[in-house]
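Take a look at the structure set out below.
The values are calculated or read from the model by the stated rules, or taken from the named source; none is laboratory data. A quick note: this is a predicted structure, and the numbers were derived from the prediction, not measured. Don't worry about glycine lacking a Cβ; one is built from the backbone with ideal geometry, like all the others, and counts go over all protein chains shown. Protein only, heavy atoms only, side chains kept; ligands, DNA and RNA dropped before computing areas. Shrake-Rupley method; radii C 1.70, N 1.55, O 1.52, S 1.80 Å.
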Amino acid sequence: SADDKAPIDPAAYPEDWDVLTEKVVLATYRTSDPDREMRVKRVNVDSGGEDGVTANAYAWYRRLRKQGLHRKVRLTKGASGKVDWHTKETMVGGEQGKGDIPLLLYCPNKFKDMVHSGLNRQSTGPGYYHFPVPRGPLNPEGWMPQSVIDELYAEVRNDNGVWVQIKPRNETLDLCVMVNVACMDLGADKRTFWDSPPAWALPHAMNCEIVTPEVRRIEKEAPPRVAVVERRVGRSSYLAG
């Protein structure tokens, strides 16, 4: 009905991007310790999509910069065709290379190679994926649906080294790609990274991104750093179903 909240529509509504600020960028997540919650270190966001998405993404990043939150966010875009690099930064939002917004380009094919190498690994170690057993007849209480695993294998690599989608849903694969892109951007892929990790990668007791529930409660009760507009309109055409 017209009173229902509409799904997120990043192409048509610039204010919908501010929902990401409140619900993701400023979020904390519970850990195994009830006295510790973890902040978000980095949010990678695909800046491409339907007409209007890119312009709204750039405008959102500028708002984040005014709020002092832009270092928590990376706007990204997958490169088309074959390239000889994994990631590369360019400046956008103005004349090519002279804009005010950093855009992280990445090679989707190279990162999908990395993801599937990790999926093929049979023992724990670098690149290994620690997925819980999906919900099914053998694990009826599992929280993860089988569709998450199915989406990991929604693409195949052709003879030219290009990954081609063969199933309708590939979100899990894309998310794994973006995690690898973020890790490389933060330097976590380097062999020496764990010899002297930065404060955000230290164990919980010393980690700069860990807060107590009390600190989180105080932050939530403080005046909001960004106004989130809840639109109550008919269903958007951006998300089907």
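Quick check on Asn180: is it of a type in the set (S, T, N, Q), surrounded by 13 or more Cβ atoms within 10 Å (Cβ to Cβ) and free of Cβ contacts under 8 Å to residues at least 12 places away in the same chain?
No; evaluated as a whole, the condition is false for this residue.
Within segment 39-56, how many residues are in contact with a helix residue (DSSP H, G or I) (Cβ under 8 Å, 6 or more places away or on another chain) and either more than 21 Å from Asn180 (Cα to Cα) or open to solvent by 40 Å² or more (accessible area, probe 1.4 Å) (or both)?
Residues meeting the conditions: 4.
What pairs can you find where one residue is in segment 47-59 and in contact (Cβ under 8 Å) with a residue 12 or more places away in the chain, the other is open to solvent by 30 Å² or more (accessible area, probe 1.4 Å) and part of a loop (DSSP other than H, G, I, E, B), and their Cβ atoms are less than 8 Å apart, with a gap of 6+ or different chains?
Sorted first by the residue in segment 47-59, then by its partner, the pairs are Glu50/Tyr238; Gly52/Ala12; Asn56/Tyr13; Tyr58/Gly93.
Got at least one residue in segment 137-150 being hydrophobic (A, V, I, L, M, F, W, C), assigned to a strand (DSSP E or B) and without any contact (Cβ under 8 Å) to a residue 60 or more places away in the chain?
No.
Test of understanding: among Val233, Val179, Val164, Val133, which residue is farther than 21 Å from Thr28 by Cα, modelled with pLDDT of 95 or more and among the β-branched types (Val, Ile, Thr)?
On inspection, the qualifying residue turns out to be Val164.
Can you find a residue that is open to solvent by less than 30 Å² (accessible area, probe 1.4 Å), in a loop (DSSP other than H, G, I, E, B) and either under 23 Å from Asp185 (Cα atoms) or touching a Pro at 6+ places or on another chain (Cβ under 7 Å) (or both) anywhere in segment 8-27?
yes
If you take the residues in segment 28-50 that are assigned to a loop (DSSP other than H, G, I, E, B) and not charged (D, E, K, R), which one is modelled with the lowest pLDDT?
So the residue we want is Gly49.
Could you check how many residues of segment 95-104 are at pLDDT below 95, open to solvent by less than 50 Å² (accessible area, probe 1.4 Å) and either in contact with an Asp or Glu (Cβ under 8 Å, 6 or more places away or on another chain) or closer than 28 Å to Trp163 by Cβ (or both)?
Residues in segment 95-104 being at pLDDT below 95, open to solvent by less than 50 Å² (accessible area, probe 1.4 Å) and either in contact with an Asp or Glu (Cβ under 8 Å, 6 or more places away or on another chain) or closer than 28 Å to Trp163 by Cβ (or both): 0 in total.
Conditions first: (1) within 25 Å of Cys208 (Cα to Cα); (2) charged (D, E, K, R); (3) under 17 Å from the mean Cα position of the chain (by Cα). Asp46 passes all but one, so which condition is the exception?
(1)
Identify, please: which residue in segment 105-150 is among the hydrophobic types (A, V, I, L, M, F, W, C) and open to solvent by 50 Å² or more (accessible area, probe 1.4 Å) and is, among those, farthest from Thr90 (Cα to Cα)?
Leu138
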